[in-house]
Amino acid sequence: MSEQSYEDRIRSQIEQYANTINMHDLPEIFHVWSHEYIGPGMKQVFGTSSIDEAYGLAYIDAAKHPEHTGRLLSIGCGDGAVEIRVAKYLIANGFNDFEFVCADLSPILLGHLKKAVAAEGLTKHFTPVEADLNKIQIPGNFDVMMANHALHHIEGLESLFEYSCQNLSPSGIFATCDMIGRNGHRRWPETAAVLSALWPALSVKKRYHSLLQRVNDTFLDHDCSKEGFEGIRAQDILPLMLKYLKPYKFFATGGFVDVIVDRGFGHAYDAKSPEDVSFIRFLADMNEVMLDSGVVKPTWVMAYFTKDDRGEKYYRDRNARSSVRIAETHPSWTRFYKEPNHT
């Protein structure tokens, strides 16, 4: 298949979410993992296990400073569900004078946002903007720039981070929750080796990919970037953020267990089954050991970045720089393991 042009990727990206009723649904087993393995790390670093509250707390932090602007920018807001919850959190905490600029490529999703904002009575707080995030040029300064699972859709990361440096207020925070693994959400060789070894132990039901609607007899490393911008430069996100900004608060996890619990395979697991939950906990524990030992690198992050160095708060020994996976080199031991086929 020939490589898509930029315009084709734009169309694919819009069409991907055009008929999505709820783009935030995850398997119940994912929430078992996130509650037990993401929540505690989030709580330690951000003071909350809630991603929505972490975004809200970023604004509260920035708003302490006299030069704050009262403006937030959501980069790739989608249907605005997260932004609406953040806005309600801010109002509940006594912040009523703020503007939430919500930028997205898709006019369809922005239409959903406008309806939802009106239904919640929050129209005065929101400014929807249709924008190509690869070439963002929204004027003005912002106390918070948030990118919730949006950066891995953006090809022009350098341009975006240059814009962020210019338009983030002096006390501002760039807050993001995103995927930082290999491009296209493929697995690095060291992680793929673990999944390939695990695969024969899984039942046929648990090898069924519900999104691609197929049974994978062996672990197949699907490249999500072949259409649209999904994971187009995921592996570049963290190195580039460290080039342009300073880490302030940082929590990273994932590796191989996220493949099992996410939308592709996670629906095969019953969150009410002691056997299934015990198996996921076993995988998650192994994943934690491999993260802490440095055998695998994180694939998921929640982080604050700033223009100035305020020191970095992080979980265990997983600081931002140690979480970078250098794309050009592979651990020597992976030469003994064949990389899986990818589709």
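Looking only at residues that are of a type outside the set (A, V, I, L, M) and touching a Pro at 6+ places or on another chain (Cβ under 6 Å) in segment 215-261, which one is modelled with the lowest pLDDT?
From segment 215-261, those of a type outside the set (A, V, I, L, M) are 216-219, 221-231, 233, 235-236, 239, 243-244, 246-251, 253-256, 258; that's our starting set.
Add one more test, that the residue is touching a Pro at 6+ places or on another chain (Cβ under 6 Å), and what stays is 219, 221, 253-254.
Details: Phe219: 95, Asp221: 92, Thr253: 98, Gly254: 97.
By that ranking, first place goes to Asp221.
Residues that are basic (Lys, Arg), surrounded by fewer than 22 Cβ atoms within 10 Å (Cβ to Cβ) and more than 23 Å from Ile29 (Cβ to Cβ): does segment 242-256 have at least one? Lay out the reasoning, then the answer.
Quick first cut of segment 242-256, residues basic (Lys, Arg) only: 243, 246, 249.
With surrounded by fewer than 22 Cβ atoms within 10 Å (Cβ to Cβ) added as a condition, the list becomes 243, 246.
Next, only the ones that are more than 23 Å from Ile29 (Cβ to Cβ) stay: 243, 246.
Checking segment 242-256: at least one residue is basic (Lys, Arg), surrounded by fewer than 22 Cβ atoms within 10 Å (Cβ to Cβ) and more than 23 Å from Ile29 (Cβ to Cβ).
Among the residues of segment 79-107, write down those that are surrounded by 23 or more Cβ atoms within 10 Å (Cβ to Cβ), touching a Cys at 6+ places or on another chain (Cβ under 7 Å) and not in a helix (DSSP H, G or I).
If the condition is that a residue be surrounded by 23 or more Cβ atoms within 10 Å (Cβ to Cβ), touching a Cys at 6+ places or on another chain (Cβ under 7 Å) and not in a helix (DSSP H, G or I), then Gly80, Cys102, Asp104 are the ones that fit.
Counting only residues that are touching a residue at least 60 places away in the same chain (Cβ under 8 Å) and either more than 27 Å from Phe336 (Cα to Cα) or not in a loop (DSSP other than H, G, I, E, B) (or both), how many does segment 215-226 have?
The first filter runs over segment 215-226 and keeps only residues touching a residue at least 60 places away in the same chain (Cβ under 8 Å), leaving 218-223, 226.
Now drop any that are not either more than 27 Å from Phe336 (Cα to Cα) or not in a loop (DSSP other than H, G, I, E, B) (or both), which leaves 221, 226.
Of the residues in that region, 2 qualify.
Looking for something closer than 18 Å to Pro239 by Cβ, of a type in the set (D, E, K, R) and out of contact with any Cys (no Cβ under 8 Å at 6 or more places or on another chain) - is there at least one such residue anywhere in segment 277-291?
no
Would segment 227-234 turn up any residue that is under 16 Å from Trp188 (Cα atoms), assigned to a loop (DSSP other than H, G, I, E, B), touching a Cys at 6+ places or on another chain (Cβ under 8 Å) and not β-branched (Val, Ile, Thr)? Outline the logic, then answer.
Going residue by residue through segment 227-234, those that are under 16 Å from Trp188 (Cα atoms) are 231-234.
Add one more test, that the residue is assigned to a loop (DSSP other than H, G, I, E, B), and what stays is 231-233.
Subsequent filtering for residues that are touching a Cys at 6+ places or on another chain (Cβ under 8 Å) retains 231.
Remaining after also requiring not β-branched (Val, Ile, Thr): 231.
There is at least one residue in segment 227-234 that is under 16 Å from Trp188 (Cα atoms), assigned to a loop (DSSP other than H, G, I, E, B), touching a Cys at 6+ places or on another chain (Cβ under 8 Å) and not β-branched (Val, Ile, Thr).
In segment 265-294, what residues are crowded, with 17+ Cβ neighbours inside 10 Å, in a loop (DSSP other than H, G, I, E, B) and in contact (Cβ under 8 Å) with a residue 60 or more places away in the chain?
Matches in segment 265-294: Tyr269 only.
Residues are listed down the side, and each one gets a yes or a no for (1) among the hydrophobic types (A, V, I, L, M, F, W, C); (2) touching a Lys or Arg at 6+ places or on another chain (Cβ under 6 Å):
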| residue | (1), (2) |
| --- | --- |
| Gly140 | no, no |
| Ile154 | yes, no |
| Glu162 | no, no |
| Ile180 | yes, no |
| Gly184 | no, no |
| Leu198 | yes, no |
| Ser203 | no, no |
| Asp217 | no, no |
| Phe229 | yes, yes |
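Counting just the residues of segment 164-180 that are under 20 Å from the mean Cα position of the chain (by Cα) and of a type in the set (A, V, I, L, M), which one comes out nearest to Gly311 (Cα to Cα)?
Looking at residues that are under 20 Å from the mean Cα position of the chain (by Cα) and of a type in the set (A, V, I, L, M), I get Ile173.
Which condition number in (1) within 21 Å of Tyr37 (Cβ to Cβ); (2) buried (at least 22 other Cβ atoms within 10 Å of the Cβ); (3) not small (Gly, Ala, Ser) is the one that Asp262 fails?
The number of the failed condition is (2).
Condition check ((1) of a type in the set (Phe, Trp, Tyr); (2) over 17 Å from Ala192 (Cα atoms)) across all residues:
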position: Gly266; (1), (2): no, yes
position: Asp270; (1), (2): no, yes
position: Phe282; (1), (2): yes, yes
position: Leu291; (1), (2): no, no
position: Gly294; (1), (2): no, no
position: Lys297; (1), (2): no, no
position: Tyr304; (1), (2): yes, yes
position: Asp309; (1), (2): no, yes
position: Arg321; (1), (2): no, yes
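What are the residues in segment 298-333 that are under 20 Å from Val144 (Cα atoms), not acidic (Asp, Glu) and not in a strand (DSSP E or B), if any?
Lys307, Arg310, Gly311, Ala320
Only residues that are at pLDDT below 95 and either β-branched (Val, Ile, Thr) or in a loop (DSSP other than H, G, I, E, B) (or both): list them for segment 187-214, please.
Within segment 187-214, Ser210, Leu211, Leu212, Gln213 qualify.
Please go through segment 323-343 and pick out each residue that is among the aromatic types (Phe, Trp, Tyr) and either surrounded by 11 or more Cβ atoms within 10 Å (Cβ to Cβ) or touching a residue at least 60 places away in the same chain (Cβ under 8 Å) (or both). Explain how you work it out, then say what you get.
To start, the set of residues in segment 323-343 that are among the aromatic types (Phe, Trp, Tyr) comprises 333, 336-337.
Trp333, Tyr337, listed by residue number.
The values are calculated or read from the model by the stated rules, or taken from the named source; none is laboratory data. Here the structure is a predicted model, which means the values were calculated and not measured. For neighbour counting, all protein chains shown are included, and Cβ atoms are generated from backbone atoms with ideal geometry for every residue, glycine included.
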